[in-house]
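Read the figures in this text as sums done on the coordinates, not as results from a lab. Quick caveat: nothing in here was measured; it's all calculated off a predicted structure. Cβ: placed from backbone, ideal geometry, glycine included. Neighbour counts: every protein chain shown.
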Amino acid sequence: MRMAYLKQIFNITILTLSFWLLPGYVAQSHEVLPSIADITLDRKSINVEIRLTAEAMLAEIDLQTVSDTSGAENEQEYDRLRLLKPDQLEVIFRQYWPELAKKIHIRTADSDNDLLLNLNAIRIDPVGDIDLPRFSDISFTAPRQSFEPIVFSWDKRLGSIILRQQGIENGVTGYLTSGQKSPPISDNLQPPKSGWFVFVEYIPIGFDHILPKGLDHVLFVLGLYFLSLKLSVLLWQITSFTLAHTVTLTAAAFGLVNLPATVIEPLIAASIVFVAVENLFSQRLSKWRPIVIFAFGLLHGLGFASVLSAFGLPETQFIPALIGFNIGVELGQLSVILIAFILLGYWFGKKHWFRARVSIPASLLMVVFRTHSFGLTKSAFF
């Protein structure tokens with residue numbers, strides 16, 4: 001029995017690699033990540049540094065409605081800009097700045113008038129791996145006309161943004177979506193947030209990384225779902241996956257492990273293809289599949305950690321934030337399963353043709369979609 005399963009694993013691995021290495025399946029993949037804004041107030045000015053994906057903004061892609069620029073409107077323009085050298089892209093961005101400045105709103109809390117923004121510097125990462133998003137750092141200032149609190153927001157088409165106030169203990173932090181306004185930002189000391197407040201604050205951040213922005217994680221969970229609709233089978237798989245990604249998420253949060261995205265992202269993509277391919281050949285839970293899923297869960301945990309590190313964990317409430325984020329991730333995964341059950345399992349799950357007409361085609365589509373549309377490339381390893 002053990003040898004038979006190991007042989008099956010070997011065959012599935014070979015098939016997975018064949019999808020991976022087919023030249024025709026190399027495509028570009030650019031995940032949409034939230035921008036990060038650091039705001040510092042001094043006596044005369046408001047200083048802002050934003051880490052963003054300049055190409056997506058220059059291509060005028062609606063970052064609020066897409067999780068990946070592949071297939072998005074103006075995708076070709078994004079890809080063209082992604083190939084430019086930093087100095088070439090900087091020239092274009094400086095020309096675009098007056099238009100972008102109109103979409104960034106900094107004003108005093110009691111005013112409807114935006115402050116004038118002055119661009120100071122732009123730093124753009126090297127071209128690097130074109131199958132990964134490239135970051136640009138911009139810094140700009142606005143005159144501080146009074147000591148009244150300020151409010152920050154930007155156009156919803158620019159996507160989500162992580163806001164962090166610097167230079168002050170317990171400064172304002174937030175995760176702004178859909179053009180939301182920040183809480184009032186001032187240089188007065190803010191009362192420390194309670195552990196419960198931080199815990200609740202980080203739950204939607206974890207959830208948001210699954211739905212709607214965690215396409216890879218959604219596909220992996222669906223891969224687990226389509227093996228079998230039996231509750232016991234699903235529980236074994238989800239439990240194994242949850243335990244594994246909790247381990248690496250926690251380890252990464254404490255700085256015990258760190259792998260570059262160029263390694264993690266292709267491996268996560270390979271895990272989706274592997275699970276989906278196995279679904280084509282098996283319709284029951286073997287004793288080895290939870291172990292394989294546990295190994296893949298370790299990789300997904302590192303993917304979650306990259307998002308959490310971008311947002312940052314408060315030093316004084318580290319544990320509540322970590323737990324809240326992880327619970328948000330779990331709620332997102334359970335939501336994926338619930339949606340799949342409502343749309344498919346409840347109506348058709350007991351039909352004798354469910355596996356042949358639903359599970360197998362869905363798994364096959366996952367293989368093709370993940371390898372072709374999102375680009376399982378070999379550039380990360382070769």
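Numbers at a glance
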| item | result |
| --- | --- |
| Estimated inter-spin distance, V127 and N74, nm [label 7 Å along Cα→Cβ] | 2.2 nm |
| Compactness relative to 2.2 N^0.38 Å, alpha carbon Rg of the chain | 1.07 |
| Gaussian network model of the chain, springs between alpha carbon atoms under 10 Å - residue of T53, T69, T316 with greatest fluctuation | T316 |
| Extension gain from F281 to Y175, taking 0.36 nm per residue of separation minus the Cα-Cα distance | 33.9 nm |
| Derived scalar couplings ³J(HN,Hα) [the stretch 265-270; Karplus, 6.51 cos²θ - 1.76 cosθ + 1.60; whole Hz; x for Gly, Pro] | 4, x, 5, 4, 4, 5 |
| Distance cut-off 23 Å, percentage of C-alpha pairs in the stretch 290-375 lying past it | 46 percent |
| Bins of 10 Å from zero: percent of alpha-carbon pairs in the stretch 199-252 | 21, 46, 31, 3 |
| Computed FRET value (nearest 0.05) for L243 with K350, which takes r as the C-beta separation and R₀ as 30 Å | 0.50 |
| Taking the C-alpha atoms of the stretch 35-191, convex hull volume expressed per residue in Å³ | 112 Å³ |
| nm² value of the averaged projected area, convex hull over the Cα atoms of the stretch 60-146 | 6.9 nm² |
| Relative contact order (%) - the chain, alpha-carbon pairs under 8 angstrom, separation at least six | 22 percent |
| Most mobile listed residue (I162, I130, I39) in the chain, GNM with C-alpha springs under 10 Å | I130 |
| log₁₀ of I(q)/I(0) at q = 0.09 Å⁻¹ - the stretch 118-256, Debye sum with one point per alpha carbon | -0.46 |
| Eligible lysines near K102 by straight Cα distance, threshold 20 Å, same-chain separation 8 or greater | K156, K181 |
